[in-house]
Amino acid sequence: ETGVTQTPRHLVMGMTNKKSLKCEQHLGHNAMYWYKQSAKKPLELMFVYSLEERVENNSVPSRFSPECPNSSHLFLHLHTLQPEDSALYLCASSQDVGPRETQYFGPGTRLLVL
Amino acid sequence: DQQVKQNSPSLSVQEGRISILNCDYTNSMFDYFLWYKKYPAEGPTFLISISSIKDKNEDGRFTVFLNKSAKHLSLHIVPSQPGDSAVYFCAASDGYSSASKIIFGSGTRLSIRP
């Protein structure tokens, strides 16, 4: 596997379910990100991790819980989501955190909350 | 309110002609600008960037122009090819107030017709 991978690619869940999104980067990068893309809206940064430490949390509801066990893996744990949380969730990585760093994106997980 | 705006949700250009994608921003602190390209079922991939100390950056068929006084940048693709059909995201960052945040526009879908 090369680049940034995300699983699952598609997920349908009820509002009472608990599920997790997984991201893995094979680039040796130190920074990882979660973004949310709703229909016809810009990508919204949710969380940033640098060397497994969270460095940014953009006022994301607590029903989204990130976890970064090591610099290659990033999870987004989901619980009691709302239908408006249906979106494409993109993971990205970069060599380091910084405004000039090129971010490499995974293919995304398309989430539908019923 | 969106800080990075792509006011044209879609654009259709004939193969071989020039494609011009536009982007406006409101935050005068932005000093680095990027374009990403996204194919269906794939994550965005980095295309080209420009620092605010420049007004033009060229890479093969792709040129980005920056007009700081107008807070406007554009991506020129010439000649346009069928493989250029994708969604193009403009993005900007401010290296002073936030080390990790890149603000994305909502994207422009470019279609290259034969």
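The values are calculated or read from the model by the stated rules, or taken from the named source; none is laboratory data. From a predicted model like this one, the values you see are computed outputs, not experimental measurements. With ideal geometry, Cβ positions are generated from the backbone for all residues, glycine too; neighbour counts draw on all protein chains shown. SASA here: full protein model, heavy atoms, side chains in, ligands and nucleic acids out. Shrake-Rupley method; radii C 1.70, N 1.55, O 1.52, S 1.80 Å.
Before moving on, here are some points about what is shown:
- Given charges at beta-carbon only (K, R positive; D, E negative), |dipole| of region B:12-66 in Debye: 100 debye
- Chain A - share of DSSP beta bridges that are antiparallel (%, nearest 5): 90 percent
- Only protein atoms count toward the accessible area here, which uses a 1.4 Å probe; on chain A, the carbon and sulfur part of that area reaches 48 percent.
- Accessible area (Å², per residue) of chain A, counting only protein heavy atoms and a probe of 1.4 Å: 47 Å²
- For region B:43-114 and region A:31-91, distance of Cα centres in Å: 24 Å
- Unpartnered cysteines - no second Cys beta carbon under 4.7 Å - across the protein assembly as shown: A:Cys68
- In the assembled protein chains, A:Glu101 presents an accessible area of approximately 50 Å² (probe radius 1.4 Å).
- For region B:34-114, chymotrypsin sites (Phe, Trp or Tyr not before Pro) meeting the loop criterion (DSSP other than H, G, I, E, B) and having at most 16 other Cβ atoms within 10 Å: B:Tyr96.
- The protein assembly as shown, dipole about Cα centre (Lys/Arg Cβ +1, Asp/Glu Cβ -1), debye to the nearest 20: 640 debye
- Among the residues of A:94-100, the average count of other protein chain beta-carbon atoms within 10 Å of the residue beta-carbon is 5.
- Sparse-neighbour loop sites [trypsin sites (Lys or Arg not before Pro); region A:11-62; at most 10 other C-beta within 10 Å; DSSP]: A:Lys40
- The 3J(HN,Hα) values that the Karplus relation (6.51, -1.76, 1.60; θ = phi - 60°) gives for region B:73-89 are, in residue order, 9, 9, 10, 10, 10, 8, x, 6, 10, x, x, 7, 5, 5, 9, 10, 10 Hz. Gly and Pro appear as x.
- Once you divide the Cα radius of gyration of region B:9-114 by 2.2 N^0.38 Å, the number left is 1.05.
- Excluding ligands, DNA and RNA, the accessible surface per residue across chain B is 48 Å² with a 1.4 Å probe.
- Buried between B and A is an accessible area of approximately 1800 Å², summed over both sides with a 1.4 Å probe.
- Taking Cα centre as origin and charging only the Cβ of basic (Lys, Arg, +1) and acidic (Asp, Glu, -1) residues, the dipole magnitude of chain A rounds to 480 debye.
- Average beta carbon contacts from partner chains per residue of B:41-52, 10 Å cutoff: 4
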